[in-house]
1. For helix 46-61, report the angle its Cα long axis makes with the longest principal axis of the Cα atoms of the chain; keep it between 0 and 90° and round to the nearest 10°.
2. If the label point is 7 Å along Cα→Cβ of ARG16, which residues in region 83-116 have backbone nitrogen under 17 Å from it?
3. Would you calculate, for the chain, the mean residue ellipticity at 222 nm contributed by helices, counting each DSSP H stretch of 4 or more residues as -39,500 (n - 2.57) and dividing by all residues, to the nearest 500?
4. Pop out the ³J(HN,Hα) list for region 295-307 in order, Karplus 6.51 cos²θ - 1.76 cosθ + 1.60 with θ = phi - 60°, rounded to Hz; leave Gly and Pro as x.
5. Would you mind working out the magnitude of the charge dipole of the chain relative to its Cα centre, with +1 at each Lys and Arg C-beta and -1 at each Asp and Glu C-beta, to the nearest 20 Debye?
6. So what's the angle, to the nearest 10 degrees on a 0 to 90 scale, between helix 27-39 and the longest Cα principal axis of the chain?
7. Pick from ALA185, ALA308, ALA233: which residue has the top mean-square fluctuation in a GNM of the chain where Cα pairs under 10 Å get a spring?
8. Long-range amide H contacts for THR9: which residues qualify at under 5 Å (H placed 1.01 Å from N, peptide plane, sequence gap of 5 or more or a different chain)?
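What follows is calculated from the coordinates using simple rules that are stated; it is not laboratory data. Keep in mind that what you see is a predicted model, and the values were worked out from it rather than measured. In this analysis, Cβ positions are derived from the backbone assuming ideal geometry, glycine residues included, and neighbour counts consider all displayed protein chains.
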Amino acid sequence: MADLPMGETVRVSAARRHSYLIVLVVLPPAVLVAAVAAAWGRAVGPLDVALAAALYTVNIFGISVGYHRLLTHRSFRCPRPVRVAFALAGGLALQGPVTLWAAEHRRHHKYSDRPGDPHSPWAYGDTGLALLRGLLHAQAGWFYSARRRSSREHWVPDLLADPDIRRVDAAYPATAAASFLLPAAAGGLLSWSWAGFWTALFWAGLVRYAIVHHVTWSVNSVAHCFGDRAFPARDRSSNVRWVALLTFGEGWHNWHHVEPTSARHGVLKGQADPSAALIRLLERLGWAHDVRWPSQSRIDAQASRHRASAPAGRHGSPRPP
Ligand SMILES: [Zn+2]
Ligand SMILES: [Zn+2]
C-alpha cells in the first residue's frame, strides 16, 4: 500500500486478518459450492426461497440506502428510528460494523483507483493476469491481504460521535447472530419442523449471506472495470446493468463517483435505481428529508464535459490510475 498520511490507517492484527480470510474470503464461495451440490437434482423449498429473498432485499437496501447513501455519504437525513433501522438492516448483511464499512468506503472515494484505494481492481496493473489478480483483490482478497485498515477516528468521526451508531456498532455481534437465527427460526416455526429450521438456516442464512456479499463486492470489482461511462470521473468507475439490477441501483457507479452525495445513482434514461425509489418513498412518508437529489442541469453539464473529453466512444477513456 502507498504511504498514506499519518492517521488515515491503523494496523490490522494477524488474528483479525485470518478471521477475515475465513468469513469474508473463503466461506462465501465454499457455501455457494455447497449450495449447488445440495440443490443438484432436487428443488429448493418455496419457504426457503421466500425467506432468502426477503433477507436479501432487507440486506441490499440496508447496504445501499443505509450503510452507503445515508451513513457514508449523507445523501439524506431521517428520524432516529429510521436511521437505526437502516444501520441494523445493513448489519444483517454481515459486512462489518457500519463505522468500519463507512471508513473503508470514504477512503475508497478519496483514492479511487489510485495508490491508497483499499480495493481497486487496477492495483496490480492493466492487463492479463495482473488485472485478473486485481479483480480478485477488489472482490474479496483485500480483506485478507490488507495489513492496515482505515482508521475510524480519521474517516468517520461524525458516526463515532453519534450515540445511536455507537450502540448499533456494539450490537454488531448480536446482529450477525440474528442474521442466521431469524430466518432459521422463521423456517422452523412456519414449517413446524426441525428440518425447516436447518434448511432455512442453510438457504436463507448461509447461502443468502454468500450471495449478498459477492453481489455487493461486484460494485468494487466489476463496476470499476467493465461497463460504460457517461461522466468524467477521475477514476475507472463504470455502469454495469446486471450489477445495478442485483444491488438495487448501486451498479450505476460512474455518476456515483462524480457526485458521491447524490441520493440517486442511476441518473440516465433506463437506469432503474430502486434504492433511490425507496428514498423517494421515505421522503413522501416524511421519513426522509434534506434529500440531495441531483439537478438535471448538473447531470447535463457533466455528460457534455465527458463527451468533450472522450470523443472516442461510449466507453470513454478515463485517466489511468
Ligand atoms: Zn467505487
Ligand atoms: Zn460511495
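1. 30
2. Flagged as within label range: 95-108.
3. Details: 17 runs with 170 residues, N = 321.
Estimated from H runs of four or more residues: -15500 deg cm²/dmol.
4. 8, 4, 5, 5, 4, 4, 5, 5, 5, 6, 4, 5, 4
5. Details: 35 positive and 20 negative charges, 85 e Å.
Result for the chain is approximately 400 debye, rounded to the nearest 20.
6. 60
7. Among ALA185, ALA308, ALA233, the largest GNM mean-square fluctuation belongs to ALA308.
8. Residues meeting the criterion, in which the H sits 1.01 Å from N, are SER151.
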